[in-house]
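None of the figures in this text is laboratory data; all of them are computed from the coordinates on show. Because the structure is a prediction, the values reported are computed rather than measured. Please note: Cβ atoms are built from the backbone with ideal geometry, for glycine as well, and neighbour counts cover all protein chains shown.
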Amino acid sequence: MKLERLLSIVILLLNRRLMQAKELAERFEVSVRTIYRDIETINGAGIPIVTYQGSNGGIGLAEGYRLNNNMLTNDELAAIVTALRSISASYGNEKHQQLMEKIHSVVRPADSEAFQHKSSRVLIDYSPWDGNEYLRPKLQQLEKAVDHCLIVKFVYCNADGEMSHRIVEPHRLILKGKQWYLQAYCLEKEQFRLFKLKRMKDLEIIQGKTFIRHELPTQTRIPDRNLPESSRVTKFVLRFQVEARHLAEECFGIEALCPMDDGSWLVRKEYPENEWLYRFILGLGHHVEVLEPPHLREIIADLADQVAKKYKKDQPT
C-alpha cells in the first residue's frame, strides 16, 4: 500500500507544479507527518522533490525532471489514453483515471498540447443518454467477485421471462452492443453461460466461497439482441414513407434503402422472428408499413389494433 502511495505521489507531482502536504495527506487519508516521511523516501530513491516555503509554496519536483518514456512513442501513448477514456465513459473506474495521469506525466511539456489533441480526437461512448448509474453497483460488485474469485448468486430472468436462481463463478465482464454481460461458469449447468446484467437482480457475493478459474472458451458468442436460439429467421420487407427516410437510415443504414417511384423507401431484411421483432417494428411508428410476409403483416396489424383499443377504451363516447 505504501509503495502504491509513493508512486501516486510522484505521478501527481509530475502532473502538477506544486501541491500542499495537507492536500496530499487528505487525498491518501494519512497524516501530514506520513507525507513528509514519504517525500524523504522518494528523494532517497533518486527522484528529486523540493519543498518551497511561503504563501505560494508547497511540494514539487525539481524543475525539468521527467520520467523516461523511451519505451512508447507519443502516438502509442495517445492511443492508450483514447482507449482508456472511451472505456471510462461506459465503465467508470478510478484506476483508469490514475493510469491516464501516469501516461500524461511521461509526455514532455513541449509535446503536451499536441498529445492532448491526439488523445481527444475520438471518444467511443456506449453508455445510454440517461447514464447507467443503476448498473454501477452491479458492475462494482461483480468486478470484486471476478478479481478475487468469489462465487455469486442472483435471480435471473431470461428472454422468455422465465425466472431462475443462479449460482455462478464469475470470470469476465463484457460490454457488447451497448449491453453489459457477465461471462460465468454456471454450477447448475456445469458450463459457461452469458448473463445480461439488466436481467439480474438480488445479486449477492457468497461469503467464504471461492473458486479456481476455468479456461475461458476460445469464442464468446453473444446472440444478437439476446434472441433465443430457437427463433426462426424471417425475411421481411418494410416500406418507409418519404418523411421517414431518416428513420430508415438510422435503423438499417443508407445502403439498405431502395427508392420507389412514389418517393417511399423499401428495406429488405431478415431477423429471427419473435416478440422482439414485433416490438421493434411497432416501435418504428406509423410511417412504416410491413409489406411482406403476409403473416408478419397480420401480426403487426393485430398488435397495433390491441394498442389502439387500450387508448380508446377509456375515452368518453
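The phi torsions of the stretch 47-52, fed into the Karplus equation with coefficients 6.51, -1.76 and 1.60 and a -60° offset, translate into couplings of 9, x, 10, 10, 9, 9 Hz, rounded to whole numbers, with Gly and Pro shown as x. If R0 is 35 Å, the Cβ-Cβ spacing of residue 4 and residue 207 corresponds to a FRET efficiency of close to 0.85. Per-residue extension of 0.36 nm, minus the Cα-Cα distance of residue 297 and residue 37, leaves a gain of 86.0 nm for this segment. Multiplying the residue separation of residue 16 and residue 110 by 0.36 nm and removing their Cα-Cα distance gives an extension gain of 32.3 nm. Loop-located trypsin sites (Lys or Arg not before Pro) in the stretch 139-222 (DSSP state other than H, G, I, E, B) with a sparse environment of at most 16 neighbouring Cβ atoms within 10 Å: 178, 189, 213, 221. Under 5 Å between amide hydrogens, built in the peptide plane, is the criterion, and for residue 176 it picks out 181 among residues at least 5 positions away or on other chains. Phi-derived couplings, Karplus 6.51 cos²θ - 1.76 cosθ + 1.60 at θ = phi - 60°, listed residue by residue for the stretch 180-191: 8, 10, 10, 8, 9, 8, 7, 5, 6, 7, 6, 6 Hz, with x used for Gly and Pro.
Per residue, the Cα convex hull of the stretch 2-61 amounts to 73 Å³. Label positions at residue 45 and residue 179, each projected 7 Å from the Cα along the C-beta direction, are separated by 4.5 nm. With each label modelled as a point 7 angstrom along the Cα→C-beta vector, the residue 162-residue 53 pair spans 7.8 nm.
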